[in-house]
1. Looking at Ala102, Ala153, Ala191, Ala178, which one is in contact with a Gly (Cβ under 8 Å, 6 or more places away or on another chain), of a type in the set (Gly, Ala, Ser) and within 21 Å of Phe213 (Cα to Cα)?
2. Can Leu98 be described as assigned to a helix (DSSP H, G or I) and either among the β-branched types (Val, Ile, Thr) or buried (at least 20 other Cβ atoms within 10 Å of the Cβ) (or both)?
3. Kindly provide the set of residues from region 140-174 that are farther than 27 Å from Gln113 by Cβ and touching a helix residue (DSSP H, G or I) at 6+ places or on another chain (Cβ under 8 Å), ordered by number.
4. If a residue must be among the polar types (S, T, N, Q) and over 21 Å from Asn137 (Cα atoms), how many such residues does region 77-116 contain?
5. Tell me, which helices (runs of 4 or more DSSP H) lie completely within region 117-221 with 1 or more residues that are among the charged types (D, E, K, R) and exposed (fewer than 15 other Cβ atoms within 10 Å of the Cβ)?
6. Could you list, in sequence order, all residues of region 166-182 that are of a type in the set (D, E, K, R) and at pLDDT below 95?
7. Taking Asn163, is it touching a residue at least 24 places away in the same chain (Cβ under 8 Å), out of contact with any Phe, Trp or Tyr (no Cβ under 9 Å at 6 or more places or on another chain) and on the phi < 0 side of the Ramachandran plot?
8. Looking at Thr70, Thr125 in this structure, which one is within 28 Å of His24 (Cα to Cα) and not assigned by TED's automatic domain parsing to the domain that holds Met145?
Amino acid sequence: MNNDEKQRQAEATLHKLVKDIDDHPHDYRTYYDLSVFLIQLKSYTQAEELLMKAMELFKGQSKKITNTLTYGLGNVYYSAGEFEKAIQQFQQVTDKDLQSDAYVMLAQSYMSQKNYKKALVFLLTAQETAKQDPSINLLIGQCLMSLGNFQQAADYYDKILENDKTNGEANFNRGLIAMVLGENFEPYFKAAEKYDKAYFDKEQGKISDIEKFIQIRKGKK
């Protein structure tokens with residue numbers, strides 16, 4: 001699909017979502033859906049204004065509506081890189097259906113601020129309701145690696161790979177840990193490159209970072 005076709009498709013989707021609001025002005029989901037699309041378009045100011053307007057419109061209605069719009073606003077700020085504002089919104093989400101997602105987004109906001117300890121607390125809380133969710137386990141592994149808890153991180157990546165050997169990200173990060181722990185890392189990197197070449201290419205620089213880390217550690221002994 002070329003750029004002109006993408007542009008036409010985006011405009012058609014935008015037109016449809018705006019029409020949905022016009023046709024169903026008392027359905028909060030139409031506002032939420034449009035905000036999600038505006039985030040994809042990186043139109044963060046428009047998405048923020050839309051959700052603020054919706055919050056005013058649906059003020060005093062059900063907890064689910066308030067929570068959904070608050071969660072949506074958190075996503076706007078997170079996508080725009082305004083992590084403090086995002087945290088403020090996600091902390092207000094108390095609806096059971098959304099809370100686990102809000103915890104994950106809180107964790108990712110804290111990770112973006114390099115506050116891995118706080119991020120880990122929210123991820124472990126989210127994991128209580130989604131033990132086998134690979135995306136949560138990936139984030140937990142990432143936090144543990146960043147905190148230098150390599151053996152614990154390995155356990156989380158192993159859990160993912162037990163259920164899905166084709167997870168490129170888990171294979172790659174497990175390979176990095178294997179390097180640190182003095183294990184055979186080649187099979188992990190081969191699998192990562194095979195199953196998710198784009199991720200492997202993007203993160204490849206981390207291999208030399210780990211090699212430097214190992215050399216520095218050897219030098220201190």
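1. So the residue among Ala102, Ala153, Ala191, Ala178 that is in contact with a Gly (Cβ under 8 Å, 6 or more places away or on another chain), of a type in the set (Gly, Ala, Ser) and within 21 Å of Phe213 (Cα to Cα) is Ala153.
2. It is false that Leu98 is assigned to a helix (DSSP H, G or I) and either among the β-branched types (Val, Ile, Thr) or buried (at least 20 other Cβ atoms within 10 Å of the Cβ) (or both).
3. Within region 140-174, Asp158, Leu161, Asn163, Asp164, Lys165, Thr166, Asn171 meet the criteria.
4. Here the count works out to 6.
5. 150-163, 186-195, 197-203, 205-220
6. Once the filter is applied, which keeps residues that are of a type in the set (D, E, K, R) and at pLDDT below 95, region 166-182 yields nothing.
7. Yes.
8. Thr70
The values are calculated or read from the model by the stated rules, or taken from the named source; none is laboratory data. Source: prediction; values computed, not measured. Ideal geometry is used to build each Cβ from the backbone, glycine not excepted, and the neighbour counts take in all protein chains shown.
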